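K.L.:
Pasting a structure here, questions to come.
The values are calculated or read from the model by the stated rules, or taken from the named source; none is laboratory data. Since this is a predicted model, take the numbers as computed values, not measurements. Here the Cβ positions follow ideal geometry from the backbone for every residue, glycine too, while neighbour counts run over all protein chains shown. With ligands, DNA and RNA removed, areas are computed over all heavy atoms of the protein, side chains included. Shrake-Rupley method; radii C 1.70, N 1.55, O 1.52, S 1.80 Å.
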Amino acid sequence: MAVLDGPRWGPAAGAAKQLIVLCHGVGADGNDLIDLAPYWAKAAPEAAFVSPHAPEPFAMAPHGRQWFDIGDRDPARLAAGVRRARVAVDAFLDAELSRLGLPPDAYALMGFSQGAMTVLFTGLRRAVPPRAILAFSGALIDPDSLAHDLTGRPPVLLVHGIEDQVVPVSRSRDAEAVLRANDVPVQALYVPRLAHGIEDSGLSAGALALQKGFATGV
């Protein structure tokens, strides 16, 4: 099993009391999202941020990383791939929480695109759920298994550009419906004129989601 690592940032103030893990999209690496940390640190100043590099080399280019292979879009293969990614992410989360001396619930997950698919799958199945899951331009892989696998109901923020041509906005709309059917608290933001990316309204919604998620203290 690959041991994950990647760039870290913070906390902005004092010793770390929370952990926020940022999972990048396919073909990128951890450096792609770590620059979000200073912005979100305004909402979570005591959080340590880390953006791990995905465990596999990107299969469709000579650079970048992937959480799982997307060369074959068969749903069963995608489900098997994200399950393997979950093992690596679970181990990374446990190690980071231990390294920082934090309790097992003192964390939140954020992902973009394939990273969003990975954090949705992983966070909803963690023995100790995250304080929040932020999924930008993602999808819910293997939705039929969720009712059986669900271990908790952490608050989920879905953000998706309506003009996304890479991961259609319908994937987040479908995810929202499945999550609501399973009584998972969901906030969804569908951004007009936005393609496959992150912009200011999504960043603001993410900051609020993190602030609310950690509001009860750890």
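K.L.:
Pairs please, first residue from segment 28-49 and within 15 Å of R131 (Cα to Cα), second anywhere and open to solvent by 30 Å² or more (accessible area, probe 1.4 Å) and charged (D, E, K, R), Cβ atoms under 7 Å, 6+ apart in sequence or on different chains.
P.N.:
What qualifies is E46/K17; A48/R8; F49/R8.
K.L.:
Could we say that G115 is farther than 22 Å from K17 by Cα, of a type in the set (G, A, S) and within 16 Å of the chain's Cα centre (by Cα) here?
P.N.:
yes
K.L.:
Moving to a separate point now. Can you find even one residue in segment 196-203 that is closer than 17 Å to G138 by Cβ, open to solvent by less than 50 Å² (accessible area, probe 1.4 Å), in contact with a Ser or Thr (Cβ under 9 Å, 6 or more places away or on another chain) and assigned to a loop (DSSP other than H, G, I, E, B)?
P.N.:
For segment 196-203, residues closer than 17 Å to G138 by Cβ, open to solvent by less than 50 Å² (accessible area, probe 1.4 Å), in contact with a Ser or Thr (Cβ under 9 Å, 6 or more places away or on another chain) and assigned to a loop (DSSP other than H, G, I, E, B): present.
K.L.:
Sticking with this structure for a sec: If you scan segment 1-30, which residues turn out to be under 22 Å from A207 (Cβ atoms), in contact with a helix residue (DSSP H, G or I) (Cβ under 8 Å, 6 or more places away or on another chain) and open to solvent by 20 Å² or more (accessible area, probe 1.4 Å)?
P.N.:
P7, R8, W9, G10, A12, A16
K.L.:
Separate question: Do we have any residue at all in segment 178-190 that's over 20 Å from D142 (Cβ atoms), over 19 Å from the mean Cα position of the chain (by Cα) and exposed (fewer than 14 other Cβ atoms within 10 Å of the Cβ)?
P.N.:
no
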